[in-house]
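Beneath this line is the structure, given in C-alpha cells, with notes to follow.
The values are calculated or read from the model by the stated rules, or taken from the named source; none is laboratory data. Because the structure is a prediction, the values reported are computed rather than measured. Note that each Cβ is placed from the backbone with ideal geometry, even for glycine, and that neighbours are counted across all protein chains shown. The area values use the complete protein model at the heavy-atom level, side chains included, leaving out ligands, DNA and RNA. Shrake-Rupley method; radii C 1.70, N 1.55, O 1.52, S 1.80 Å.
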Amino acid sequence: MHSNEFLSVSSEVAQALASNRPVVALESTIISHGMPYPQNVETALAVESAVRENGAVPATVAVIGGKLKAGLCAEEIEYLGKTGTRITKASRRDLAYLVSHGADGATTVASTMIIAAMAGIKIFATGGVGGVHRGAETTMDISADLEELAKTPVAVICAGAKSILDLGLTLEYLETKGVPVIGYGTDELPAFYTRKSGYKVDYRVDSEKELAQIISCNELPGAGGILITNPIPPEYSMDPERINAAIDAAVAESRALGIKGKETTPFLLAKVKELTGGDSLVSNIRLVLNNAGLAARTACEYCALKNKEEQICQGQ
Ligand code: PSU
Ligand code: MN
C-alpha cells in the first residue's frame, strides 16, 4: 500500500486489506452528479449492502476535508448526496487543489482508481465509465477515466458505456492505451441501459474465478487497468429505440447550449433521466447493484487465489 499523509482508509477497510479479505472500491461522483437526491443516497447505501451480501467490504471513495478517503460512513454518504452538484466533481486534476485547501470532492472513476490503488484495492464497481464523447474529433472531449485506465492497475467493473459517448471511438482509444475490455458472459460490449451495442469486447469471461485470475496476472511492468463490462440484467434493460432517442435529444441540447468540459457528462445524465420520465434512473440503479455483486464475488475469488499462493509459499 502506497500510504501517504493524504490518504485516510477507514478502520474496517484497513483491517480487511491487512488480513487479505475482499474489498470493493466504489466511486462518489455517481452519488453527487449521477443521480438525484434522495435516490442517490439510497442507492449508494444499497450498493454497499450488495457488496457485503456478496462477501466483501465496501470502500466508497471521496475527498473529505482534504483527505483522500477509502471507506465512508453513512453520514458522509448522506452529505455527498444531499450536496449534489454543489460538491466539486473531482477527477485526477482536482486532487492536489482539494487536498491543499482541505476541501471536499466527489471522485470520478479516474480519481477513485487512484485512491483505490493507493489503498491497495484491486477491484472497483460502478455504473458507467467516461469515454470518448460524440464529436470528440473536433471537441477533443475524452474522459480522464480512459487515461487512468491506461496507467493505474485497478479492475473497473461497469455496465459498459452509455451511448452519450462514441462507443466505437472509446474502444479504439482503449486499444491504443493498452486497456483490455472484458465482457462478463458476453462477446458484445454492453451499452449501459441495453445489453448490446454492436461492438465486440476483447475477451469473453464466464466466471468470477476467471476474472480473478486475470486480475491477479495483471502484474506486468507499468500495468494499467482492466475494464470489465457486465450487461444490465435483461429484466431491467431499456428499449433501445426509446433510450437512444432520449440520448440523441440530450446530446443535441447540450451542443445547442454550448455545454463543455466537466459539465457535459452530468448534463447529459440528468437530461436523459428527464426525457425518459425517470425510467432510466431505475435501470441505472439496478445495473449498479448488479455490478457491485459481481465485483464483490470477484474480490472473494481474488483473495482466495492470493491466500492459496501465500499458503504454497509458506509450505516451501
Ligand atoms: N457515466 C455514467 N454515470 C456517471 C458517470 C459517467 O453513466 O455517474 C460519472 C463517473 O463518475 C465518471 C464521470 O467517472 O462521470 C466521467 O466524467 P467525464 O466524462 O467528465 O470524465
Ligand atoms: Mn470530458
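Figures for the structure shown
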read-out: Value of [θ]222 nm, deg cm²/dmol, for the chain, DSSP H segments ≥ 4, -39500 (n - 2.57) each, nearest 500; value: -14500 deg cm²/dmol
read-out: The chain: relative contact order as a whole-number percent, Cα under 8 Å and 6+ apart; value: 20
read-out: Amide H partners (placed H, <5 Å) of residue 226, local residues excluded; value: 154, 155, 156
read-out: Over 18 Å [Cα-Cα, region 1-99], rounded percent; value: 46
read-out: Two-decimal log10 I(q)/I(0) for region 142-262, as the Debye equation yields it once each C-alpha is a single scatterer, q = 0.17, 0.19, 0.21 Å⁻¹; value: -0.90, -1.06, -1.22
read-out: Accessible area (Å², per residue) of region 220-306, counting only protein heavy atoms and a probe of 1.4 Å; value: 44
read-out: As computed over region 197-316, the Cα convex hull volume per residue (Å³); value: 153
read-out: DSSP-defined antiparallel bridges as percent of all bridges, the chain, nearest 5; value: 30
read-out: Probe 1.4 Å, accessible area per residue of region 1-158, Å²; value: 39
read-out: Accessible surface of the chain [probe 1.4 Å, protein heavy atoms]: carbon and sulfur percent; value: 52
read-out: Exposure rank, largest accessible area first [134, 255, 93; 1.4 Å]; value: 93, 255, 134
read-out: Cα pair count fraction exceeding 29 Å, expressed as % - the chain; value: 30
read-out: Length released on extending from residue 37 to residue 282, taking residue separation times 0.36 nm less the Cα-Cα span; value: 86.8 nm
read-out: Per-pair calculated FRET efficiency, R0 = 22 Å: residue 308 and residue 53 via Cβ, rounded to 0.05; value: 0.35
read-out: Segment residue 242-residue 73, extension gain: residue separation times 0.36 nm, minus the distance between their alpha carbons; value: 57.1 nm
read-out: Contact order normalised by residue count of region 1-157, Cα under 8 Å, 6+ apart, percent; value: 27
